[in-house]
Amino acid sequence: MRAVEFDGVEHQVAALAQQNARALPSLRVVLCSSMGTTDPKPAPFKGGSVLFWKLNAEAFLLGSGVGSTIVKPCGLSSGEAGMHGLGVSHNDDLPSPGTFLVARADVARVMREAVIERSAGLRFGLCNDPGAKVPADLPKLLQEARWPWQAR
């Protein structure tokens, strides 16, 4: 687990940064982590020890000097993209009651939008949100993912 979830992230970010040291402030990485990394002892059915390594990768990336966006999806489903509203949250809170899943295709859409928008300084949970607009306004969703004190 460590080799993929932490060492792999560390090596890829280090290689990117070392090859582009002069352009470090302009670099961007979008990482797909997992909701649940704030639980110090997650049960195996909630992710178990893999979440420890995912959290370490998040911390490494945030401290690397490379602009980053970390997307932390709820449970993943195999549905089509754009079929459900999406909500964002922080600290492993759910965006609204009863939201536990998000389509892999929607996670990919949000990550793609983070690349297009050149987002940085974001770390947020992503789940279906029954009360949200369908299809999601992705640039607006990324703005909603910011903390209140971050520039919008």
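If you stretched the chain out fully between Ala59 and Asp92, how much longer would it get, using 0.36 nm times the residue separation minus the C-alpha to C-alpha distance?
Values: separation 33, 0.36 × 33 = 11.88 nm, distance 1.54 nm.
This chain segment gains 10.3 nm when fully extended.
Between Ser26 and Ala151, what length in nm is gained on full extension when 0.36 nm per residue of separation is reduced by their alpha carbon distance?
Working: separation 125, 0.36 × 125 = 45.00 nm, distance 1.75 nm.
Full extension from Ser26 to Ala151 adds 43.3 nm.
Tally up the carbon and sulfur contribution to the accessible surface of the chain as a whole percent, 1.4 Å probe, everything protein left in place.
Working: 4840 of 8370 Å².
Summing carbon and sulfur atoms, their accessible area is 58 percent of the total for the chain.
Could you compute the longest span of the chain free of chymotrypsin sites (Phe, Trp or Tyr not before Pro) located in DSSP loops and having at most 12 other Cβ atoms within 10 Å, not counting the site residues?
On the way: sites that count: Phe100, Trp149.
After excluding every exposed loop site, the longest remaining stretch is 1-99.
Counting only heavy atoms of the protein chains, get the accessible area per residue of region 1-129 (1.4 Å probe) and round it to a whole Å² value.
Details: 6730 Å² over 129 residues.
So region 1-129 comes to 52 Å² accessible per residue, rounded to a whole number.
Taking only pairs that are 8 or more places apart or on different chains, how many Lys pairs in region 20-152 have Cα atoms under 29 angstrom apart?
9
By the 4.7 Å beta carbon criterion, which cysteine residues of the chain come out unpaired?
Cys32
Over region 42-152, what is the percentage of antiparallel beta bridges among all DSSP beta bridges, to the nearest 5? Could you put the intermediate results ahead of the total?
On the way: 4 of 12 bridges.
Restricted to region 42-152, the bridges split so that about 35 percent are antiparallel.
How much length is gained on full extension from Gln19 to Ala3, taking 0.36 nm per residue of separation minus their Cα-Cα distance? Please report the intermediate quantities before stating the final value.
On the way: separation 16, 0.36 × 16 = 5.76 nm, distance 2.20 nm.
Stretched fully, the Gln19-Ala3 segment lengthens by 3.6 nm.
The values are calculated or read from the model by the stated rules, or taken from the named source; none is laboratory data. These figures come from a predicted structure and were not determined experimentally. All Cβ positions, even for glycine, are placed from backbone atoms using ideal geometry, and neighbour counts span all protein chains on display. These area figures cover heavy atoms from the full protein model, side chains too; ligands, DNA and RNA do not enter into them. Shrake-Rupley method; radii C 1.70, N 1.55, O 1.52, S 1.80 Å.
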